[in-house]
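One structure is given here, and the rest of the page talks about it.
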Amino acid sequence: MLKTICYISSITNKTSQKDLSQLSDFVASKNNQLNITGILIIQHGHFFQIMEGKLQIVEDLFNKIKVDQRHSD
């Protein structure tokens, strides 16, 4: 079964431009390894992401994203 998640969050002040660039590269590589499709947009102090893949993989990934200190809300 597939699952799709879409979220918007605010980038924290302590997250640098270098951090964002590295994150973007990491997300593209990791999502490819996990067979996750979607998009991550980083703009105007926010993350916007849509991801889709196997139910358990997407849920596990989103649980990690929720506790990431580079964003809030």
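Could you tell me whether any residue of the stretch 19-27 is among the aromatic types (F, W, Y) and modelled with pLDDT of 95 or more? No. Of the strands (runs of 3 or more DSSP E) lying entirely inside the chain, those containing at least 3 residues that are β-branched (V, I, T) span 2-11, 37-43. Among the residues of the stretch 49-65, those identified as more than 17 Å from S21 (Cβ to Cβ) and not charged (D, E, K, R) are I50, M51, G53, L55, Q56, I57, V58, L61, F62, N63, I65. When every residue of the stretch 58-72 is checked against the conditions, none turns out to be hydroxyl-bearing (S, T, Y) and touching a Phe, Trp or Tyr at 6+ places or on another chain (Cβ under 9 Å).
Conditions (1) closer than 21 Å to D73 by Cα; (2) surrounded by 10 or more Cβ atoms within 10 Å (Cβ to Cβ); (3) more than 11 Å from the chain's Cα centre (by Cα); (4) not small (G, A, S), marked per residue:
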position: Q17; (1), (2), (3), (4): yes, no, yes, yes
position: L34; (1), (2), (3), (4): no, yes, yes, yes
position: G45; (1), (2), (3), (4): yes, yes, yes, no
position: V58; (1), (2), (3), (4): yes, yes, no, yes
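The values are calculated or read from the model by the stated rules, or taken from the named source; none is laboratory data. These figures come from a predicted structure and were not determined experimentally. Reconstructed Cβ throughout: ideal geometry from the backbone, glycine too, with neighbour counts over all protein chains shown.
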